[in-house]
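Visitor: Supplied in structure tokens, the structure appears directly below.
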Amino acid sequence: MTSWTRNPDIRKRLERKWTTGEILALCVSDQPFEPLRIPVKHPTARELTHQFDKARTWVEHMKEHAGKQNKKSYSIEWREFTHQTLGKNKLPKAVIFQTLDHILSYLGKTKQAEQYKTLFKEITAPYPELAGLLIQKPHEVLKHGIVWEKLLAIVSYMKKNPYPGIYLRQLEIPGVDTKFIETHKSWLVNLLTCVLPRDAVKDPARGAAAFENRFGFRSKPARIRFRTLDPDFTLMGLSDLEIPENDFRHLPITPDTVFIVENDINGLAFPPFSKALVIFGLGYGLSTLSQARWMAGKPVWYWGDIDTHGFAMLDQVRHYFPQTRSFLMDEATLLSHKPLWGHESSPANRELPLLTTDEARVYDALRQNLHAPNLRLEQERINFSQVCKAVDRIRNYPS
């Protein structure tokens with residue numbers, strides 16, 4: 001089969017330009033349209049000699065799809081030459097789309113282009129600062145075609161009320177409910193970032209409440225679960241609690257020792273300890289502890305999985321509480337539980353500057369696969385009697 005350019009090849013090339021948004025952007029450009037020339041691969045002199053009939057069929061194929069009379073398509077740029085056997089001939093050298101209208105008609109995209117131009121005009125009339133975004137992401141403009149009235153109502157509200165300090169549920173915008181905003185958050189981020197003044201947009205945030213934090217809405221507060229480990233040290237008789245982070249920041253009882261563990265069951269089963277509490281289940285959400293300044297002067301002990309993410313979380317908590325010590329995350333514990341080793345699916349591989357020398361040695365061995373590929377020892381696999389012994393040693397640890 002020949003590799004000469006055919007109509008489907010031309011279409012694919014233009015469809016790529018459509019997909020990237022390049023063609024739609026031209027629809028609202030201030031610059032005059034320059035005819036689009038696409039070179040074509042045509043038969044060589046040798047191919048003409050040996051495949052003349054096929055070449056002639058190919059020429060007819062190209063002519064058939066070229067524009068004529070009322071058909072909006074491409075015109076053909078011909079190359080005339082004299083063949084030593086066949087005499088004077090001419091072959092298509094390139095195809096040329098003289099107007100943008102011809103390209104749109106050829107692709108069958110005229111209706112979408114007209115819709116885009118209409119939306120662009122309607123949106124940029126009140127918000128000219130959105131022009132760049134609409135040109136950069138024209139397919140998003142079309143994708144949100146039927147909801148632009150609601151989107152602009154939100155933009156209008158936020159422009160008048162930057163950093164509203166309320167929950168999304170409390171917004172009163174005609175025709176707009178909380179579910180609509182939740183569904184269109186990613187696009188609203190783009191719109192609001194373009195329209196709102198810089199001081200009304202926080203730096204990009206991550207997590208479930210990223211949108212709320214960025215644009216000054218109240219968000220569902222993170223909750224911290226903990227247990228008191230001493231029956232004589234409770235909060236109004238309650239020993240197992242989950243409270244908002246702000247309440248934890250102002251905890252009315254002050255423990256002498258704080259333990260942090262990853263696993264919920266380990267938190268529930270944690271051994272008794274005089275005037276202490278254990279925090280559990282936060283994972284990478286350890287930043288919720290950062291404002292509990294009463295922890296700053298207390299002994300903090302961290303126990304996580306012996307895997308790369310366990311050490312990354314240990315490094316993270318030390319950003320807030322540098323005095324944090326680890327336990328049951330040492331090489332001896334790892335090697336003594338070899339039959340219980342598991343596999344870490346997506347290991348971390350970044351520098352963790354706040355690890356101790358011994359911790360860094362274990363972490364480096366894990367990320368370099370010195371013991372086994374993607375090795376992981378989950379904390380719940382460690383014998384509970386060994387956990388109790390480790391806690392007993394901590395009781396006698398100098399504060």
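Every number in this text was worked out from the coordinates using simple rules, so none of it is lab data. No experiment lies behind these values; they were computed from the predicted model shown. Note: ideal-geometry Cβ built from the backbone for every residue, glycine included; neighbour counts use all protein chains shown.
Visitor: Which order results if Ser75, Ser385 are arranged by neighbouring Cβ count within 10 Å, fewest first?
Guide: Ser385, Ser75
Visitor: Report the one residue of His343, Met236, Leu151 whose Cα lies farthest in the direction of the positive end of the charge dipole of the chain (charges on C-beta: Lys and Arg +1, Asp and Glu -1; origin at the Cα centre).
Guide: Going by the Cα projections, it comes out as Leu151.
Visitor: Using unit Cβ charges (K, R positive; D, E negative) and no other charged atoms, how large, in debye to the nearest 20, is the dipole of segment 23-148 about its Cα centre?
Guide: My answer is approximately 520 debye.
Visitor: Picking from Tyr363, Gln379, Leu188, whose Cα lies most toward the positive end of the charge dipole for the chain (charges on Cβ: Lys, Arg +1; Asp, Glu -1)?
Guide: Toward the positive end, the furthest listed residue is Leu188.
Visitor: When Lys and Arg each count +1 and Asp and Glu each count -1, what net charge do the other residues less than 14 Å away from Lys93, Cβ to Cβ, add up to?
Guide: With Lys, Arg at +1 and Asp, Glu at -1, the net is +3.
Visitor: Shifting gears a bit: So what's the net charge close to Leu238: Lys and Arg +1, Asp and Glu -1, counting the other residues with Cβ under 14 Å from its Cβ?
Guide: Around Leu238, the surrounding residues sum to -3.
Visitor: Excluding residues on the same chain fewer than 8 positions from Lys338, give the aspartates and glutamates whose Cα lies under 12 Å from its Cα.
Guide: Glu378
Visitor: Calculate, in nm to one decimal, what Glu60 and Glu114 gain on full extension: separation in residues at 0.36 nm each, minus their alpha carbon distance.
Guide: Separation in residues times 0.36 nm, less the Cα-Cα distance, equals 16.2 nm.
Visitor: Report relative contact order for segment 111-215 in percent, whole number only (criteria: Cα-Cα under 8 Å, sequence separation at least 6).
Guide: Value for segment 111-215: 25 percent.
Visitor: Return a whole-number percent for the relative contact order of segment 7-110, with Cα pairs under 8 Å and 6 or more residues apart as the contact set.
Guide: 32 percent
Visitor: A further question follows. For the chain, take the longest principal axis of its alpha carbons; what is the angle in degrees between that and the long axis of helix 110-124, to the nearest 10 within 0 to 90?
Guide: It works out to around 50 degrees.
Visitor: Still on this model: Provide Ile394, Ile306 in ascending order of the number of other Cβ atoms located within 10 Å of each residue's Cβ, fewest first.
Guide: Fewest to most other Cβ atoms nearby, the residues stand as Ile394, Ile306.
Visitor: Beyond a 19 Å Cα-Cα separation, which of these cross-linked pairs lie in this structure: Lys159/Lys185; Lys17/Lys54; Lys185/Lys220; Lys275/Lys298; Lys179/Lys220?
Guide: Beyond 19 Å: Lys17/Lys54.
Visitor: Using Cβ contacts closer than 10 Å as the measure, can you line up Met295, Met236 from fewest to most?
Guide: Met236, Met295
Visitor: As an exercise, identify the GluC sites (Glu not before Pro) in segment 131-227 lying in DSSP coil whose Cβ has no more than 15 other Cβ atoms within 10 Å.
Guide: Glu172
Visitor: Rounded to the nearest 20 Debye, what is the dipole magnitude of the chain about its Cα centre when Lys and Arg each give +1 and Asp and Glu each give -1 at the C-beta?
Guide: Using Cβ point charges on Lys, Arg, Asp and Glu, the chain gives about 2000 debye.
Visitor: Rounded if a/c is under 1.5, else prolate if a/b beats b/c, else oblate: with a ≥ b ≥ c from the C-alpha gyration tensor eigenvalues square-rooted, which is segment 7-110?
Guide: It comes out prolate by the Cα gyration axes.
Visitor: Dipole of segment 111-215, Cα-centred, from +1 at each Lys and Arg C-beta and -1 at each Asp and Glu C-beta, to the nearest 20 debye?
Guide: Charge dipole, segment 111-215, about its Cα centre: 140 debye, nearest 20.
Visitor: Of the chymotrypsin sites (Phe, Trp or Tyr not before Pro) in segment 1-79, which ones lie in a loop per DSSP and count no more than 15 other C-beta atoms within 10 Å?
Guide: Phe33
Visitor: Also, I was wondering about something else. Reachable aspartates and glutamates from Lys72, Cα under 19 Å, same-chain residues fewer than 8 places away excluded?
Guide: Partners found: Asp9, Glu15, Glu34, Glu60, Glu64, Asp101, Glu114.
Visitor: What angle, in degrees between 0 and 90 and rounded to the nearest 10, separates the Cα long axis of helix 148-160 from the longest principal axis of the Cα atoms of the chain?
Guide: Tilt relative to the chain: about 50 degrees.
Visitor: For Ala131 and Trp341, calculate 0.36 nm times their separation in residues minus their Cα-Cα distance, and state this gained length in nm to one decimal.
Guide: Extra length available between Ala131 and Trp341 comes to 70.0 nm.
Visitor: Show that you can apply the helix-only estimate: for the chain, add -39,500 (n - 2.57) for every DSSP H stretch of four or more residues, divide by all residues, and state [θ] at 222 nm to the nearest 500.
Guide: -11500 deg cm²/dmol
Visitor: If I take every Cα pair under 8 Å that is 6 or more residues apart in the chain, average their sequence separation and divide by the length, what percent do I get for the relative contact order?
Guide: Contact order relative to length: 9 percent.
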